[in-house]
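Here's the structure we're looking at; comments come further down.
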Amino acid sequence: MVKDRHRRPKSGAATPAKAHAPMKAHAPRPPAAKAPAPRKEPRPAPEAPARPLMRREGEKPAERVPVILETAGSDQYRLIDSGAGEKLEQYGPYRIVRPEAQALWQRSQPAVWDKADAIFTGDTDEDGMGRWKFPKAALGETWPMQLLGVDFHGRFTAFRHVGVFPEQLAHWSWMKEQVETAGRPLKVLNLFGYTGVASLVAASAGAEVTHVDASKKAIGWARENQALGRMEKLPIRWICEDAMKFIQREERRGSKYDIILTDPPKFGRGPNGEVWHLFDHLPLMLDVCREILSPKAVGLVLTAYSIRASFYSIHELMRETMRGLGGTVESGELVIRESGPDGGDAGRALSTSLFSRWISA
C-alpha cells in the first residue's frame, strides 16, 4: 500500500509592522526579534485502516522454524565472494560489485574483485541513490538474462538494484512446482511485483497471474521483460496501483487467489501519493490477503527486506493471521551461498532477507 503524505505546513507570510510615533533621540532601540527555531516535523501518523483487523479464532497453523532457504549459483547468476560490506556477483556476462551490510567478514578471494565489470558507488543505504563505475569499459544500461527459463533485462539502476532479487529463486521454484503439479489452473497474485520475473515464471508454468505494482516505470520494465521472452500471450494482468487499495477492492469483489506473493518495501509511495510503512500496515495487508485466498489455496508468501526485526516477528504475525486454516507456517531467512568465480566452490552463506510462508499442505 502506499498512503497519503501529510504536507508540510507552509510558512506564514511576514506580518507588516505597525506604524509607531517617532521615537525621541534618547530612546533605546528595541532589540531585534529572534527568528523562531525551526519546528521539527513529526512523523506522519498512519492513515486509519479501511477496515479493522479481523479477530481470528481456531488453532494456529503448525510451524517450522527456523527455515533457511538457500539459493545456489547457476550459469546465469552466482554470488562469487563477499566481505568488507560488499558483494561480488555474476549476472549473466557481468561481474558486479554492490554494497552489502550483512557481509561483516573479510573477502576470501580479494584478487577476483579486480576483474569486476561494474561497481556501484555512492549511498550504501538500501534505497540510497548512487552511480555506477565501469572499470573496464562503458556498458549499456541493460543486458539480457534468464532464470528458471524466463528471459528478462538486467539493468543498472540509480538505486544499486539490477532488476531481480536472486534469493527469491527459492520462492519462485516452490511456486513453479506448485503450479505445474496442481492438476488445475491456479490463480497467482504478485503484490509489489517489481520487474515481473516472478509473474513470468508463474505464467509460463501455467498460472493465471495478476501483477500489481505502484510504479509505472516498474510495470513498463515488466512488460519489456514479457516482450523479450515473447510471452505476450501469457495470461498476465499488469496493474499499476497501490497494493493495499487493490487487495481491499478485491476483497469487496469476492476475488480469490490460490497463491499470493507479497514483497513489500520498508517504506514506499503509491501513484497517487499514498504512503506505505511496513510496521504500520503489514498486519492489515496480511489480514486482507487471507480473505482473498481461495478455499483451495496453496500458499501465502511474505518477504521482508531491510527491517530491524526478527523473523519471529513476522512468523508469529503470519500464524495469528492464518488461525483456523490449518496448514503450516515456515519462517526464517533467505540466503545465497558463495560459489566462487567458476561456480565450483561452496563458501559462506550470505543472508539477504526474512521470510514467512504459509502453505496449506
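Out of 159, 192, which single residue is surrounded by fewer than 17 Cβ atoms within 10 Å (Cβ to Cβ) and closer than 20 Å to residue 305 by Cα?
Working: 192 fails: surrounded by fewer than 17 Cβ atoms within 10 Å (Cβ to Cβ).
Matching residue, one of 159, 192: 159.
Table: residues versus (1) open to solvent by 10 Å² or more (accessible area, probe 1.4 Å); (2) within 17 Å of residue 174 (Cβ to Cβ); (3) at pLDDT below 95; (4) out of contact with any strand residue (DSSP E or B) (no Cβ under 9 Å at 6 or more places or on another chain).
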residue: 260; (1), (2), (3), (4): no, yes, no, no
residue: 265; (1), (2), (3), (4): yes, no, yes, no
residue: 271; (1), (2), (3), (4): yes, no, yes, no
residue: 278; (1), (2), (3), (4): no, no, yes, no
residue: 291; (1), (2), (3), (4): yes, no, no, yes
residue: 295; (1), (2), (3), (4): yes, no, no, yes
residue: 301; (1), (2), (3), (4): no, yes, no, no
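Condition check ((1) open to solvent by less than 10 Å² (accessible area, probe 1.4 Å); (2) farther than 21 Å from residue 99 by Cβ; (3) in contact with a helix residue (DSSP H, G or I) (Cβ under 7 Å, 6 or more places away or on another chain); (4) of a type in the set (Val, Ile, Thr)) across all residues:
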{"position": "281", "(1), (2), (3), (4)": "no, yes, yes, no"}
{"position": "284", "(1), (2), (3), (4)": "no, yes, no, no"}
{"position": "313", "(1), (2), (3), (4)": "no, yes, no, no"}
{"position": "343", "(1), (2), (3), (4)": "no, yes, no, no"}
{"position": "347", "(1), (2), (3), (4)": "no, no, no, no"}
{"position": "353", "(1), (2), (3), (4)": "yes, no, yes, no"}
{"position": "357", "(1), (2), (3), (4)": "no, yes, no, no"}
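Please state which one of 301, 288 is in contact with an Asp or Glu (Cβ under 7 Å, 6 or more places away or on another chain) and of a type in the set (Val, Ile, Thr). Quick ask: steps written out before the conclusion?
Working: 301 fails: in contact with an Asp or Glu (Cβ under 7 Å, 6 or more places away or on another chain).
Answer to the selection: 288.
Counting only residues that are crowded, with 18+ Cβ neighbours inside 10 Å and under 22 Å from the mean Cα position of the chain (by Cα), how many does the stretch 83-97 have?
8
Between residues in the stretch 218-239 that are more than 21 Å from residue 187 (Cα to Cα) and residues that are assigned to a loop (DSSP other than H, G, I, E, B) and open to solvent by less than 70 Å² (accessible area, probe 1.4 Å), which pairs lie under 7 Å by C-beta distance while being six or more apart or on different chains?
218/194; 218/195; 221/163; 221/195
Considering only residues that are farther than 30 Å from residue 291 by Cβ and of a type in the set (Asp, Glu), look in the stretch 47-82 and name the one that is most open to solvent (accessible area, probe 1.4 Å). Spell out how you get there, then give the answer.
Just the residues of the stretch 47-82 that are farther than 30 Å from residue 291 by Cβ, to begin with: 68, 70-82.
Narrowing further to those that are of a type in the set (Asp, Glu): 70, 75, 81.
On the way: 70: 88, 75: 124, 81: 0 Å².
Here the answer is 75.
If you check 129, 175, which single one turns out to be closer than 26 Å to residue 226 by Cβ and either open to solvent by 20 Å² or more (accessible area, probe 1.4 Å) or in contact (Cβ under 8 Å) with a residue 40 or more places away in the chain (or both)? Lay out the reasoning, then the answer.
Numbers: 129 fails: closer than 26 Å to residue 226 by Cβ.
After applying the criteria, what remains is 175.
Considering each residue of the stretch 221-250, count those that are open to solvent by 30 Å² or more (accessible area, probe 1.4 Å) and among the acidic types (Asp, Glu), and give that number.
3
Check every one of the strands (runs of 3 or more DSSP E) wholly within the stretch 140-231 and list those with 1 or more residues that are over 23 Å from residue 258 (Cβ atoms) and either among the aliphatic types (A, V, I, L, M) or over 17 Å from the mean Cα position of the chain (by Cα) (or both). Quick ask: steps written out before the conclusion?
On the way: elements: 142-147, 150-155, 187-191, 208-213.
Hits in the stretch 140-231: 142-147, 150-155.
The values are calculated or read from the model by the stated rules, or taken from the named source; none is laboratory data. Being a predicted model, the structure only gives us computed values, none of them experimental. Every residue, glycine as well, gets a Cβ built from its backbone with ideal geometry; the counts of neighbours run over all protein chains shown. Calculation scope for accessible area: heavy atoms of the full protein, side chains included, ligands and nucleic acids excluded. Shrake-Rupley method; radii C 1.70, N 1.55, O 1.52, S 1.80 Å.
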